[in-house]
Amino acid sequence: MLPSGHRQKIREAVIITAAFLTALFLLRQSAKSPEYLSPLDRGILALVTPLQSRMARLARSIGHAAGQYVDLVHVRAENEALHNENGRLRAELLEAKRGAAESVRFQRLLGLRNAVTTETLVARVIAIDVSPYFRVARIQLDRGEGLVSRGMPIITPDGVVGRINRVAGDTSDILLSVDPRSAIDVVLPRTGGRGILRGKPGENGYRCAIEYLMQGEQAKEGDLVVTSGLGGFPRDLPVGKISKVARNAVGMSQELEVSPDVDFARLSEVLVVVAPTPPADPEASAHKPLVPSHGLGVYR
Amino acid sequence: MRSVATLIVGLLLLLLQSTVMEFAPVHLVTPTLGLLTVLYIGLSPLKWAPGSAALVGLSLGYLFDLVSGAPRGVHAFVFLVMALFARALASRLAVRGVVLKASAAFVASLLSALLIVVVRAQVSPETGYGGLRMAPIEALLTAVFGPPVLWLLSRLDGRLDPALLRVGLSRRRARALGSGLPPR
């Protein structure tokens, strides 16, 4: 019979070993199938997501109220007598501006939705970049739960956001286009060169790069980058602009750094492209070579 | 009971980190509040057995993986290691006072950032080993939030101390007994 102190030590060692084995098992599973979510994961997410969503809404309200308060304090310092009137007007103006901005945002989203020939769903962003080491955002669908699946493109009127990585009920994790694990087929309209857009590994900001662009198709800083229409993304959707060109003397490719058009830090509503883009009409290109047969020519 | 309460507080801190901090005017980095919970557990060797600390670290990391959308297991592994690191630190150094607590939070945040990058590179090799440039700022923010969060957790832990709960003593009562003069 072992003494109780010894038994206690063995028990602790067993627990710690089991904890390490569990963590390693999770890591191995993640490496094999990153999209997999167990019933336990789904259960936890179902419990946590409403709380996360409410906290996000609360944070926005607090931020808005704090902004109004700061404005009021400034007005009071200028003129005590005019404080109430001025404050009310400023608050109304802020509210109106916010409403107008929201309206413009929704109109643009609606415009994009009408421009995209495929079926889309609107979703709200409830969290983004919780960990600075993974470029992931979380969205919540207002309706259409069950229609989304892994790999579906996420877009906004400003451009490409990324793809769905994991789905749990009405909540999905988006792999942003600036994550190194993301790969999007893009084209440079000026040169016609094509490449794969990937997030830049090791970048702290929102940067990505184009790989596999042939050396012959010389790109330059400021060139527009749009989607090619392959991989589920609507064609000609803006992606960003070339911010840096690095020439690869040995190989055939150019390394192009891209500044995305989308401000990921301020994402609020996005569109999920739930149906694949219809194939281009081969005859249309024969008659009108420069006009896309479908997609978003208006955003070019 | 205490582990569950600590997990709930840790989860709330993770949610706070994932939402409120993200909507702050400056969107750069956020303090790793979840890590502070793990740090607290590791730094309280008299209250938390190593096994319990490891389990809470693993669970909180797993929750963080789910909340943040990171590959499952990355934070679970890192938080587990950090719980044991804090435990080892506490056995060699009495982490008392604001400065030492802030320093411990700073070092833990830097170390966890390094570990996350290494583990991430193993799970998704395409992400590489970069991304550590903001780690010192993140660690600095964590150090600023460290002492108040650790203090809050210690208050909560004091109220849920199993030794006191077992004999039906609240924290206030226990303190009065403990700090009183010896009986005449």
Q) How many nm is it between the label spots at A:Ala265 and A:Gln218, if each spot is 7 Å from the Cα in line with the beta carbon? A) 3.6
**Q.** Least to most buried among A:Ser4, B:Ser91, B:Ser52 (fewest other Cβ within 10 Å first)
**A.** A:Ser4, B:Ser91, B:Ser52
Q: Could you calculate the contour length gain from A:Leu94 to A:Thr17, that is, 0.36 nm times the residue separation minus the distance between their Cα atoms, to one decimal place in nm?
A: 22.0 nm
Q | Potential lengthening between A:Ser33 and A:Arg113 on full extension [0.36 nm per residue; Cα-Cα distance subtracted] | A | 25.6 nm
Q: List A:Phe20, B:Phe64, B:Phe145 from most exposed to least, where exposure is judged by having the fewest other Cβ atoms within 10 Å.
A: A:Phe20, B:Phe145, B:Phe64
Q: Would you calculate the separation in nanometres between label points at B:Arg133 and B:Ala121, each defined as 7 Å from the Cα along the Cα-to-beta-carbon direction?
A: 1.7
Q: Sequence neighbours fewer than 8 away in the same chain don't count; with that in mind, list the lysines whose C-alpha is under 21 Å from A:Lys244.
A: A:Lys200, A:Lys220
Q: Please pull out the direction-averaged projected area of the stretch B:1-147, using the convex hull of its alpha-carbon atoms, in nm² to one decimal place.
A: 8.4
Q: Quote the charge dipole size of the stretch B:52-168 about the Cα centre in Debye, to the nearest 20; the model charges only the Cβ of Lys and Arg (+1) and of Asp and Glu (-1).
A: 320
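Read the figures in this text as sums done on the coordinates, not as results from a lab. If you're wondering where the values come from, they're calculated on a predicted model, not measured in any experiment. Here the Cβ is made from the backbone with ideal geometry for all residues, glycine too, and neighbour counts use every protein chain on show.
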